[in-house]
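Trainee: Quick one: structure below, then a few questions.
The values are calculated or read from the model by the stated rules, or taken from the named source; none is laboratory data. What you see is a predicted model, and the numbers here were worked out from it, not measured in a lab. Glycine also receives a Cβ, built like all others from the backbone with ideal geometry; neighbour counts cover every protein chain displayed.
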């Protein structure tokens, strides 16, 4: 905590000018970050974030998302590239001069100070008068529902309360940009879900440009205006949550966004007619395509019982395991003739015998095709998804 607390002090100090958050566009241009050991964490990333937009950087460990965030904040030096905020270049400025507030994973609160003192610390360093500080703190405390805890020390607060205080300390600064470094990862599942809603609501009310880093695709889907999916230091796809879900640019994105992950199986297509497991279906979007070996992607929630969906691609599944989820269940099995390819379907709650065969059906507009390099074939965003 000491290191992060020190960083926060530096970022909160300095003489910040009044600003118009509506003009706070963030431009990242050809950002490269190479560490002393030779590891290139970020490989020429370009990203334009609009004023008031909530962007979520998501990807597995080591994909470069935290390096990008820390570079924006000034906690990491750039190897090359530029970062511009509200029309000015900031990567050459000290962290304290960038007008950026960061919320850390471990809260970075000063343990010897009360909540009020934690909230006031950065404002006092900037020379703000006591009356203004008090007014700002009371306002933010009301928004975050922490007004009852202003006299308490962080040790007397729950994890959710500490995270609210950490957010409050960022909000009172009235910054041009919010940065969130996996702020909910230390909270339990129920509290994470609640805090997601709170963060989204507060960001909407304040209209502050925000960049949020997480490895949790549920957080990314629920919070983001746009999702940036990162892989090995490069951007794999940028888009609205619905676009990234319905039109993944690659098998990597398709497997990372969505829970459970998308199923993949090899098949063939001839002039738009897809063949798999002895069954076939015509895909109008791919009428031009003939290929002996394509990767077919099917989301578990789109593999319906054949009795519910009488059209589409039929899939006979040999059932291995059934996981009850209450009103639904996950059915794990293998496709007939593709025993090396595991397959998961999400079905309504119903009795299913292990070892039996289940006939599923997938509508044509829920079938995704990828080439031998794992890239989406014939992306057709004009398609209507049922």
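Trainee: Inspect all residues belonging to the stretch 344-365 and state whether any of them is in a helix (DSSP H, G or I), at pLDDT below 95 and in contact with a helix residue (DSSP H, G or I) (Cβ under 9 Å, 6 or more places away or on another chain).
Mentor: Looking for residues that are in a helix (DSSP H, G or I), at pLDDT below 95 and in contact with a helix residue (DSSP H, G or I) (Cβ under 9 Å, 6 or more places away or on another chain), one finds at least one in the stretch 344-365, hence yes.
Trainee: Among the numbered conditions (1) buried (at least 22 other Cβ atoms within 10 Å of the Cβ); (2) over 15 Å from the mean Cα position of the chain (by Cα), tell me where residue 223 comes up short.
Mentor: Result: residue 223 fails condition (2) only.
Trainee: Let me ask something else. Considering the stretch 125-149 alone, what residues qualify as being outside any helix (DSSP H, G or I) and either in contact (Cβ under 8 Å) with a residue 60 or more places away in the chain or surrounded by fewer than 15 Cβ atoms within 10 Å (Cβ to Cβ) (or both)? Steps first, answer last, please.
Mentor: First pass over the stretch 125-149, keeping only residues outside any helix (DSSP H, G or I): 126-129, 145-146.
Result: 126, 127, 129, 145.
Trainee: State yes or no: is residue 152 in contact with a helix residue (DSSP H, G or I) (Cβ under 6 Å, 6 or more places away or on another chain), in the same structural domain as residue 84 (by TED's automatic domain parsing) and either part of a helix (DSSP H, G or I) or at positive phi (or both)?
Mentor: no
Trainee: Might you check whether a residue that is within 28 Å of the chain's Cα centre (by Cα), closer than 21 Å to residue 355 by Cβ and in a loop (DSSP other than H, G, I, E, B) occurs anywhere in the stretch 312-323?
Mentor: So far as the stretch 312-323 goes, no, none of its residues is within 28 Å of the chain's Cα centre (by Cα), closer than 21 Å to residue 355 by Cβ and in a loop (DSSP other than H, G, I, E, B).
Trainee: Starting from the stretch 177-196, keep only residues that are outside the structural domain of residue 158 (by TED's automatic domain parsing), then list their pairs with residues that are modelled with pLDDT of 85 or more whose Cβ atoms are within a distance under 6 Å, requiring at least 6 positions of separation or different chains.
Mentor: none
Trainee: Given the structure, is residue 322 at pLDDT 90 or above, under 22 Å from residue 251 (Cβ atoms) and touching a strand residue (DSSP E or B) at 6+ places or on another chain (Cβ under 9 Å)?
Mentor: no
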